[in-house]
Structure formats: structure tokens, C-alpha cells
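The values are calculated or read from the model by the stated rules, or taken from the named source; none is laboratory data. From a predicted model like this one, the values you see are computed outputs, not experimental measurements. Don't worry about glycine lacking a Cβ; one is built from the backbone with ideal geometry, like all the others, and counts go over all protein chains shown. These accessible areas exclude ligands, DNA and RNA; they are computed on the full protein's heavy atoms, side chains included. Shrake-Rupley method; radii C 1.70, N 1.55, O 1.52, S 1.80 Å.
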Amino acid sequence: SHMDSEEAVEDRILNEEYKVWKKNSPFLYDLVMTHSLEWPSLTVQWLPDISRPPDRDVSVHKLILGTHTSNSDPNYLMIAEVLLPLPNAEIDARKYDDERKEVGGFGGTLSKIDIKIKMVHEGEVNRARVMPQNNFVVATKSPSSNVFIFDYSKHGSVPTDSTCRPQHRCLGHEMEGYGLAWSPLKAGHLLSGSDDSLVCLWDVNQASVEVQALATFRGHGSVVEDVDWSRQQDHIFASVGDDSQLLVWDSREASPVKKVAAAHEKDINCVAFNPFSEFLLATGGSDHAVALWDLRNMSQRMHSFQGHKNGVYQVGWAPFSESILGSCGLDRRLHVWDVSRIGQEQSPEDAEDGPPELLFVHGGHTAKVSDFSWNLNDHWVVASVSEDNILQVWQMAETIYGGDDDDADDVEDADLEAAPPASSSSSSSS
């Protein structure tokens, strides 16, 4: 049938693109690890933990992952360990091993990913986020209206039965959702946005197993997709949703303090406050756009980042730089933007690759990228998960972000194999 042939064409293009990416990756990355999970994870986040075994050239990092299973297989919230080579452990990225189709030590003995703890979870893990003030405490969103809180120090490494045993269940929603954010400034204060158009706030300090909402915020006319706290002002948070509204709230007030009615042309899926600048926030939408906002003047976008070819589902600022922002979504790409490069002069040749602020496009995923996270200890190291069960841990080559030093040899286009031309049919699939 026509559909089948179109899907076959789509698959062939994906396959070709991936081969080209794989071949070019030694020039584009200082690190790439690809790990196939048993089930796709809709969520990923680095924990702040890091340890360095004295006798080895690695550092040990931790990741939160979830499962999204099928055929009623049990779901788990998981803590994984990731071994990353120390920066001084020279791995020659250029040594591309054609036998194993692997680059140098990437994915070799030096780097590995291990699931260390599995906790039974009721339904798939829509999102999981660690409390910034306690690395053991993780909140999750599930297909139920409850928000769960797990303290993984109180769970064994593998479950002994199939019962979900969170430390807390936060009540107040009527439907499931994805939006979830811990306050960076007030320990134990947790925000959630769900499909019931509500935003709920809980304080889990000294809470019993069931936690009632401290406050419920009503301002959206449809699904609330995401919420985020200001990093500087402990009462300020933002919410976005399918009603295309961007709302900024003061948690002490019942109504939003700022409103942008049509912040995107379609659903808004994600929002993130800048960690360094209290007035900057970013949103991503189903209109393929990433928007930059200045809280002092919300009458218009400060900037639109154009480059994604489909809906944007996650945005996240780098923890180490005020100007670096990541975004990912349905187009199977993760873009890294540099706000400080907006408006820079470009050669016509460079302009063909995108606007000056588009620093990097991670092309290693072959399905929707559901979530990503910047490592808090190693600059520029990112973990990203896609719907085809893949977890990737990667770091773009230093030559790309290394600035304008004369010795920073840009990746030469001549070194790279060109991607196959996009077929006309790929644009018609929605």
C-alpha cells in the first residue's frame, strides 16, 4: 500500500542519516555512548553525585531513568551508574574501528552504563525528577493522578515483589500529566502540572504517606504540559500548556502575575528558567519553535530559535553557562543554542546550516527524543533518551564550543560526509 512504501522510504532515510551521523561522529564528538535499554525511558536526569575511584581513569555518575513497557509488563523507576572517562584519559576519537563500528574507546571498556536500582512503579514513568537538596529523593509522574515520591536509599537494588511502595503519594490532581519541578530554593516544595488543567504545589517535609496540596493554581484552560521554578526568587514559577498560554505565578497569590495569551501558535510543551539570569526563560512548542522570554517585557518574544522540523518537547539550560540552551523533540534531534551568538554575522555557506545561534545538532537518535539532561559535574556532557529504547551519553567536540581561539580548528566540512537529501515524502508524514 501507499502507506507502507512511504514508511519504507522513511526508514531508509533514517537509516542513511544514521550511517552518515555514525561516520561523522569522530569529528563532531569527544564522547558518544549508545546504550539500548530494555524498554524506552520517557525521562532522564543526571543526579548531582560523582565519585572517582582512585585506581582508574574514570568518574562514576548516576542517572534517573524510567520504563514505558507494553503488554502489562511491570514498570520501574531506575537509578543507573555511568562510567565516564576522565578528561585526561586520552581516547582518540579519530580511531574509528570499522570492525565494531565503534569510535576509539567510546562504548568500549572505559565507558559503561549499568542499572543499579529498580523500584516498582505503578504504570510508566512519565517524568522523574530528583530533589536538589536531597539526591536520594525522586518525584515521579505516572498514568494515575497521584504524584509519587521515592527515597531510593530506602529501597533494595531489586524489588522482591510487584507492589509499588513510594514514600509519599501527593494528592490533588484528577488526571495524569508530565509537568514536575522541585523548588531549588525551598527544600521539599514540589510543583506539578497535569491534563486536568491544574497546577498543584506540595510541601513534603515531615509529610505522612498521603500528602494534600498546599495550593492549587487554576489559570489554564487545557492540559498543563510543564512547570518550572525561578532559580532566584523562591515564590516565582511558570506554567505552560495546550491553551498556548505562558503563565508566571507567585505561589502566594491565586492568579498569575504575568500572562502571555498566545505565546506559541500551538500547544506549549515545555518551559525552563535560566539558572543565572532571573529574567530569562525559554519555552518550546508544537509549532516547532523555541522562544526566549524576558520577564520584564512579556509583550513579545525576546527571540525565536528556528531550526526544529517538528514539535519541541523539552528545553533545558546548561548548568554551567548563562547562554547555552538545549531543546529536543519529535524531529529526532537535540539542538544546542548559544544565546550570545544571536545576530552574529555569517557567511552564506554557514547560514545554510542554520542561524548563528544554532551551535550544534545532535543527530544520534532515530526516534522522538523524549527528554535530555545536562551533566552537573562534567561540562557539555548530555544524556538523552528516545522512544526507540536508546539512551545516549555524549559530549560535542571541544573544537565546536571552544570559542574563537585561533587554534580551535573548526570541524571542516570537507571532513564530513553530507547527509542524504531529505525526500519529499518525509514532510508529509505528521
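Could we say that residue 78 is open to solvent by less than 20 Å² (accessible area, probe 1.4 Å), modelled with pLDDT under 95 and assigned to a strand (DSSP E or B) here?
On the way: open to solvent by less than 20 Å² (accessible area, probe 1.4 Å): yes; modelled with pLDDT under 95: no; assigned to a strand (DSSP E or B): yes.
In short, no.
If you go through region 196-222 one residue at a time, how many are touching a residue at least 40 places away in the same chain (Cβ under 8 Å), touching a His at 6+ places or on another chain (Cβ under 8 Å) and not polar (S, T, N, Q)?
9
Tell me which residues, restricted to region 223-242, are in contact (Cβ under 8 Å) with a residue 40 or more places away in the chain, part of a loop (DSSP other than H, G, I, E, B) and over 30 Å from residue 165 (Cα atoms).
If the condition is that a residue be in contact (Cβ under 8 Å) with a residue 40 or more places away in the chain, part of a loop (DSSP other than H, G, I, E, B) and over 30 Å from residue 165 (Cα atoms), then 230, 231, 232, 233, 234 are the ones that fit.
Can you name every one of the strands (runs of 3 or more DSSP E) wholly within region 112-215 that holds 3 or more residues which are surrounded by 15 or more Cβ atoms within 10 Å (Cβ to Cβ)?
Numbers: elements: 112-121, 127-131, 134-141, 147-151, 168-171, 179-182, 189-193, 198-203, 210-212.
Because the criterion is at least 3 residues that are surrounded by 15 or more Cβ atoms within 10 Å (Cβ to Cβ), the strands (runs of 3 or more DSSP E) in region 112-215 that meet it are 112-121, 127-131, 134-141, 147-151, 168-171, 179-182, 189-193, 198-203.
So which of 363, 354 is touching a residue at least 24 places away in the same chain (Cβ under 8 Å) and on the phi < 0 side of the Ramachandran plot? Can you show your working first?
Values: 354 fails: on the phi < 0 side of the Ramachandran plot.
It is 363.
Select from region 240-272 the residues that are charged (D, E, K, R) and closer than 16 Å to residue 299 by Cα and write down the one among them that is surrounded by the fewest Cβ atoms within 10 Å (Cβ to Cβ). Working first, answer last.
At the first step, the residues of region 240-272 found to be charged (D, E, K, R) are 242-243, 250, 252-253, 258-259, 265-267.
With closer than 16 Å to residue 299 by Cα added as a condition, the list becomes 258-259, 265.
Numbers: 258: 15, 259: 14, 265: 12.
Across region 240-272, the extreme among qualifying residues is 265.
Within region 273-318, which residues are among the aliphatic types (A, V, I, L, M) and either buried (at least 22 other Cβ atoms within 10 Å of the Cβ) or assigned to a loop (DSSP other than H, G, I, E, B) (or both)? Give the steps one after another, and end with the answer.
Step one: filter region 273-318 for residues among the aliphatic types (A, V, I, L, M), giving 280-282, 289-292, 295, 298, 302, 312, 315, 318.
Within region 273-318, 281, 282, 289, 290, 291, 295, 298, 302, 312, 315, 318 meet the criteria.
Please pick out the residue among 59, 51, 70 that is more than 21 Å from residue 368 (Cβ to Cβ) and free of Cβ contacts under 8 Å to residues at least 40 places away in the same chain.
51
Give just the number: which of (1) within 24 Å of residue 187 (Cβ to Cβ); (2) part of a strand (DSSP E or B); (3) of a type in the set (D, E, K, R) does residue 259 not satisfy?
Failed condition: (1).
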